[in-house]
4 protein chains.
Amino acid sequence: MSERYGYLGPEATFTEAALIALMEARGTAYAARVPMKNVDAALAAVAAGEIDGAVVPIENSVEGGVPATLDALSAHGRLQIVAETLVPITMVLAVKPGTTLADVRAFSSHPHGEAQVRGWIDDHLPNAVYRPASSTAAAARDRAHGTDAAGAPVDHQAAVCPRLAAERYGLEILAEDIGDRQDAVTRFVLVRLPGRLPRSTGADKTTIVAALASDRAGALLEMLEQFSTRGINLSRIESRPTGDGLGLYQFSIDLTGHIHEARMAEALTGVHRVTRSLQFLGSYPSADEVETTVAPENTDAAFADASAWLQRILTTGK
Amino acid sequence: MSERYGYLGPEATFTEAALIALMEARGTAYAARVPMKNVDAALAAVAAGEIDGAVVPIENSVEGGVPATLDALSAHGRLQIVAETLVPITMVLAVKPGTTLADVRAFSSHPHGEAQVRGWIDDHLPNAVYRPASSTAAAARDRAHGTDAAGAPVDHQAAVCPRLAAERYGLEILAEDIGDRQDAVTRFVLVRLPGRLPRSTGADKTTIVAALASDRAGALLEMLEQFSTRGINLSRIESRPTGDGLGLYQFSIDLTGHIHEARMAEALTGVHRVTRSLQFLGSYPSADEVETTVAPENTDAAFADASAWLQRILTTGK
Amino acid sequence: MSERYGYLGPEATFTEAALIALMEARGTAYAARVPMKNVDAALAAVAAGEIDGAVVPIENSVEGGVPATLDALSAHGRLQIVAETLVPITMVLAVKPGTTLADVRAFSSHPHGEAQVRGWIDDHLPNAVYRPASSTAAAARDRAHGTDAAGAPVDHQAAVCPRLAAERYGLEILAEDIGDRQDAVTRFVLVRLPGRLPRSTGADKTTIVAALASDRAGALLEMLEQFSTRGINLSRIESRPTGDGLGLYQFSIDLTGHIHEARMAEALTGVHRVTRSLQFLGSYPSADEVETTVAPENTDAAFADASAWLQRILTTGK
Amino acid sequence: MSERYGYLGPEATFTEAALIALMEARGTAYAARVPMKNVDAALAAVAAGEIDGAVVPIENSVEGGVPATLDALSAHGRLQIVAETLVPITMVLAVKPGTTLADVRAFSSHPHGEAQVRGWIDDHLPNAVYRPASSTAAAARDRAHGTDAAGAPVDHQAAVCPRLAAERYGLEILAEDIGDRQDAVTRFVLVRLPGRLPRSTGADKTTIVAALASDRAGALLEMLEQFSTRGINLSRIESRPTGDGLGLYQFSIDLTGHIHEARMAEALTGVHRVTRSLQFLGSYPSADEVETTVAPENTDAAFADASAWLQRILTTGK
């Protein structure tokens, strides 16, 4: 039986595009793709074993998602990130074949999608009315079907949506890459039940959530020193209130390196000691495939040397 | 002539509620409130001197806003945060007077608003259809008017929106505080042209954006040590790509304390030295009014003592 | 056959007093005590297996000794400190029975001994002439014998020496504790061939010599962070040129704690990684018997917890 | 009237050689040189204004002196180091003209001098008897005069002493550089009453004594971070008990840089804040004349830029 993977729906959004990219990279392109109504539902289904994994946005998404994903990953604590991918967020203007720009009196999109293309719309469709949709893909689907999800007729002639949605619903693309910012990218992660960790590739990330034990100046530094004393770099850090009390924070952090590497393993035990709680969310290949530079004193070999030195002293006294 | 303040529109959203709260706190409740179509437009109007200030969401907003605000504050670099306020994000179910729950076959809200009340809707309106709106306030306004902004008739019977929107549009509140999370809060800031800094109150925040000079392990720590060596705490830190190159980050940071305090002034000059760029966004009273605890070695008196000691040596040799 | 212990001679100096104290504490008071002509000779004899151990001064000695001991310990790298003791350095004025203060026209001592009692001599024997001796004990012995080591007659009537020397040579004590400083103390260590480490007592010291890999600002800090991130305190630190080049230093350091404790073991492996060389000189009970205070995050239990947490993730993925 | 400088006597020791070197370097070679009986007396005479300055050994001396000098500098707290010099400690074998090696049946020196040349004596004068002297120079003087300071005849044929002492007392040098270690060097400092600080040369040292406020792990690090956050290197650090209580330490530290440099000035005010006491002993040209390397972020220019940035914000709000 083929594997089944969930993603933040509806279908044809950037999240499905991310899942397709991840499946191709893993050589499992024929797995079934299951749209889920929100991040929490997707992760709950993984936790319950109903699906084999789920793809959810984690960083910088134009469709929101980051805090929701981080919260849901914490809530379904047993889950594990096993891969990530970066998807450029480029919008197209999609219409029924035959429709021209002059025909477009109203367009639809998710409010975030609309916000992203305001400059292009002002230039090319200054008189077009905006019709909100619950997702960019829904705007495309409604245009293709002529009705919304509840069956009511829709009166927009164009959808602002991902290329995938235009193709999925047989729409024609009148204009490509119409976002005001050309460099928008969303980072998606593939989440599974815990099991074998992805093997270390030399270009990996490790994601954790740690709550400081106190709010005194220096508590954050104390945690970060656990990384710096082993030469581990941070590629993302975000403070978030723990909800347990004023002034207490937890930090969502991406680190460069893999828990199979000695410096990361020791650093994480250090963080475990000095924090109130530590959640390991996964070690997985970095999407950018840039090999991590490790100083000589922080290599596995240096750790092995130091460990051998210690063992010699503990057994022979010198 | 009375002052004019912009806010992230449309009217009757949580941002207008934040502006009202800030104006009351400042004793300028009669200032004119001007809705702006987005954060960038609001800040541009402040920068151009067209309005006296603007209120924008900066953290944890359910309506998005954080990255957009931080980006816009950086882009309009001359602006300065002079106040902050925290607004609880509580949704109500608002209807035309006389409508009952049984009458609600469809409801409208911004997709984020809909996401927040899904649990309540499943329990109380399991068969109701969702109609997307471009904002929670727009859902209320459309219900009150019976038409959308473009004049087309709407067919939803209820709006999920802030209390302010229900009141503004003469709607009746069928249910209060219907969000799935009871503790959602958004932090808003009041932004003005630079001028006199708000005076130090003993319970202040300072907001900066700093770009590291390199991505080596320890560069972040080096910056944070500038704070810890003067006993300054962070209440928020978020890494963000600079866009200038792979692996280079800037950090958006809130600090406890005021630039008029010696420890903060010296720490910021230290950060200025060790970073590639440093942007000061303001020192302003903290919304929580919790007085900052300062260790004896970091008080203004300790800095003054140390400075007097240094001057004595520089002038007398001892 | 009874054990034989060397000490920095000649006999009846403070070093022999230290050896006696250490032997009593260890319940081996009947071991033979062998005076050695200098620290290097004493340690060479231990290294060669000719004696079972040696007692040498390591810190703050009025008879010098510290740099010589540290150098010799480094040179005979296989040796190990297994105990320490603190000996108060109190001088007496010793004479042949029957001699009175009025009879003393000349006194003898090591130049350091003479320097220590100058105030007392100025007050009580203002006209007495000083005769240098090669050690405080030699001054006492020469007075008792009436001749020096080479058989030449001596013409001093009093020796400034330790109580042990006065007793050993049958002299009478005319005045006690005549040093200008009442608090002088020398720390002595017992050195043996490597073997079983002394067991951890909860009040231990660990002595190391580490050479920094570079002379840049921060290299010392980088090493010390290996201790501070595990809550380990320093009770002594001294920089010393390595002799290998300008600006390169090694550090002789005493740490509170035992290598059998997890925080110390891990810290030493960290130092091993970040330094150019690391020499372990021993973990042994602290003479002051003050139990080391260990914060909850640095106890063996906290390390064991963290290690168990890591193992669980490495085996189950979570 | 010419200046008068004291030095740790007696005359013709390495300390007088250091004073001669320092006077030549300062172009005041004709100042009077006054031998003082010990370091404390020399510094007391400076403090009392009886002499214009004093030269005392501070580091690594084979004639002791370091702890005594550091203590005396602390006790006479108003004094200031204005220069340093390094003197190679090389011993000669000096005899009355005409005496040959075969004639030497006994030799004299300070016990430290004797310890230094033991190897050479064993090789070249295996049967010679050792006669202790109160200083290496006294051994030379006594040989020249044929009597000791008290007028008693001496029976040694050779003195182990500095070249300066041999020359001063008209002795012939039978062998040069006879120490077992060829690289012994002592560092001497010139101490004066406080006044104008020596000007910054770009290759300077600053000497301080600081007492930590507590003995917790990290208190030392907290102090050292005041240096590392401004890129200041340590060239010497020694812990010393304060005498005020168990476990409390003060640190005698040499830093690379001058108090006239912004990074040093700010670092010292930081140390002033975080320590229990701070004593400034002087900023003076480094004997090695190696220019201090300063990273771009720690130059006076970087500090001036940061200060200008701060002033702009404090006055204009941005």
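The values are calculated or read from the model by the stated rules, or taken from the named source; none is laboratory data. Since the model is a prediction, treat every value here as computed from it, not as a measurement. Cβ: placed from backbone, ideal geometry, glycine included. Neighbour counts: every protein chain shown.
Just name the residue that is farthest from the other protein chains (Cβ to nearest Cβ) out of those in the stretch B:97-122 that are charged (D, E, K, R) and under 32 Å from the mean Cα position of the chain (by Cα).
My answer is B:122.
Which pairs do you get when a residue that is more than 13 Å from chain B (Cβ to nearest Cβ) and over 22 Å from residue B:151 (Cα atoms), found in the stretch A:140-168, comes within reach of a residue that is outside any loop (DSSP other than H, G, I, E, B) and among the aromatic types (Phe, Trp, Tyr), reach meaning Cβ atoms under 8 angstrom, with the pair 6+ apart or on two chains?
Filtered contacts from the stretch A:140-168: A:162/A:14; A:164/A:14.
Is it the case that residue C:256 is facing another protein chain (nearest Cβ under 9 Å), at pLDDT 90 or above and within 18 Å of residue A:309 (Cα to Cα)?
So residue C:256 fails the test.
Can you name the number of the only condition in (1) at the interface with chain A (Cβ under 10 Å from one of its Cβ atoms); (2) in contact with a Cys (Cβ under 8 Å, 6 or more places away or on another chain); (3) not polar (S, T, N, Q) that residue B:92 fails?
In the conditions (1) at the interface with chain A (Cβ under 10 Å from one of its Cβ atoms); (2) in contact with a Cys (Cβ under 8 Å, 6 or more places away or on another chain); (3) not polar (S, T, N, Q), residue B:92 misses (1) alone.
Just to be sure I understand, how many residues within the stretch C:267-297 are more than 7 Å from chain A (Cβ to nearest Cβ), in contact with a helix residue (DSSP H, G or I) (Cβ under 8 Å, 6 or more places away or on another chain) and under 26 Å from residue C:251 (Cβ atoms)?
Residues in the stretch C:267-297 being more than 7 Å from chain A (Cβ to nearest Cβ), in contact with a helix residue (DSSP H, G or I) (Cβ under 8 Å, 6 or more places away or on another chain) and under 26 Å from residue C:251 (Cβ atoms): 8 in total.
Would you mind stating whether residue C:207 is buried (at least 20 other Cβ atoms within 10 Å of the Cβ) and either more than 12 Å from chain A (Cβ to nearest Cβ) or at pLDDT below 90 (or both)?
yes
Residue check, residue B:159 against (1) of a type in the set (A, V, I, L, M); (2) at pLDDT below 95; (3) in contact with a Ser or Thr (Cβ under 6 Å, 6 or more places away or on another chain), all met but one. Which one?
Checking residue B:159 against (1) of a type in the set (A, V, I, L, M); (2) at pLDDT below 95; (3) in contact with a Ser or Thr (Cβ under 6 Å, 6 or more places away or on another chain), the one that fails is (2).
Could you tell me which of the residues C:170, C:151, C:179 is within 30 Å of residue D:105 (Cβ to Cβ) and either surrounded by 13 or more Cβ atoms within 10 Å (Cβ to Cβ) or not hydroxyl-bearing (Ser, Thr, Tyr) (or both)? Outline the logic, then answer.
Details: C:170 fails: within 30 Å of residue D:105 (Cβ to Cβ); C:179 fails: within 30 Å of residue D:105 (Cβ to Cβ).
Answer to the check: C:151.
With the requirement that a residue be among the hydrophobic types (A, V, I, L, M, F, W, C) and at the interface with chain A (Cβ under 9 Å from one of its Cβ atoms), what does the stretch C:298-318 give you?
Just the residues of the stretch C:298-318 that are among the hydrophobic types (A, V, I, L, M, F, W, C), to begin with: C:301-304, C:306, C:308-310, C:313-314.
C:302, C:303, C:306, C:309, C:310, C:313, C:314, listed by residue number.
Which numbered condition trips up residue C:67, out of (1) over 23 Å from residue D:129 (Cα atoms); (2) not assigned by TED's automatic domain parsing to the domain that holds residue C:12?
(2)
Of the residues that make up the stretch C:46-54, is at least one touching a strand residue (DSSP E or B) at 6+ places or on another chain (Cβ under 7 Å) and within 11 Å of another protein chain (Cβ to nearest Cβ)?
No, the stretch C:46-54 contains no residue that is touching a strand residue (DSSP E or B) at 6+ places or on another chain (Cβ under 7 Å) and within 11 Å of another protein chain (Cβ to nearest Cβ).
If residue A:32 satisfies all but one of (1) touching a residue at least 60 places away in the same chain (Cβ under 8 Å); (2) in contact with a strand residue (DSSP E or B) (Cβ under 6 Å, 6 or more places away or on another chain); (3) surrounded by fewer than 18 Cβ atoms within 10 Å (Cβ to Cβ), what's the number of the condition it fails?
(1)
Tally up the residues in the stretch C:210-223 that are within 14 Å of residue C:276 (Cα to Cα) and facing chain D (nearest Cβ under 8 Å), please.
The total comes to 3.
Just wondering, is there one or more residues in the stretch C:275-282 that are at pLDDT 95 or above, out of contact with any Cys (no Cβ under 7 Å at 6 or more places or on another chain) and not hydrophobic (A, V, I, L, M, F, W, C)?
Scanning the stretch C:275-282 turns up at least one residue that is at pLDDT 95 or above, out of contact with any Cys (no Cβ under 7 Å at 6 or more places or on another chain) and not hydrophobic (A, V, I, L, M, F, W, C).
Please verify whether the stretch A:95-118 includes one or more residues that are hydroxyl-bearing (Ser, Thr, Tyr), in contact (Cβ under 8 Å) with a residue 24 or more places away in the chain and over 29 Å from residue A:143 (Cα atoms).
no
Scan the stretch B:58-104 residue by residue and report those that are among the hydroxyl-bearing types (Ser, Thr, Tyr), at pLDDT below 90 and out of contact with any Ser or Thr (no Cβ under 7 Å at 6 or more places or on another chain).
Those that are among the hydroxyl-bearing types (Ser, Thr, Tyr), at pLDDT below 90 and out of contact with any Ser or Thr (no Cβ under 7 Å at 6 or more places or on another chain): B:69, B:74.
Examine the stretch C:195-202 for a residue that is closer than 25 Å to residue C:79 by Cβ, in contact with a Leu (Cβ under 7 Å, 6 or more places away or on another chain), surrounded by 14 or more Cβ atoms within 10 Å (Cβ to Cβ) and modelled with pLDDT under 95, and state whether such a residue exists.
The answer is no; no qualifying residue exists.
For residues that are among the small types (Gly, Ala, Ser) and assigned to a loop (DSSP other than H, G, I, E, B), scanning just the stretch D:11-27, find the one that is farthest from residue D:141 (Cα to Cα).
D:27
Just give me the residues in the stretch C:28-59 being of a type in the set (Lys, Arg) and not in a strand (DSSP E or B), in sequence order.
Hit for the stretch C:28-59 is C:37, nothing else.
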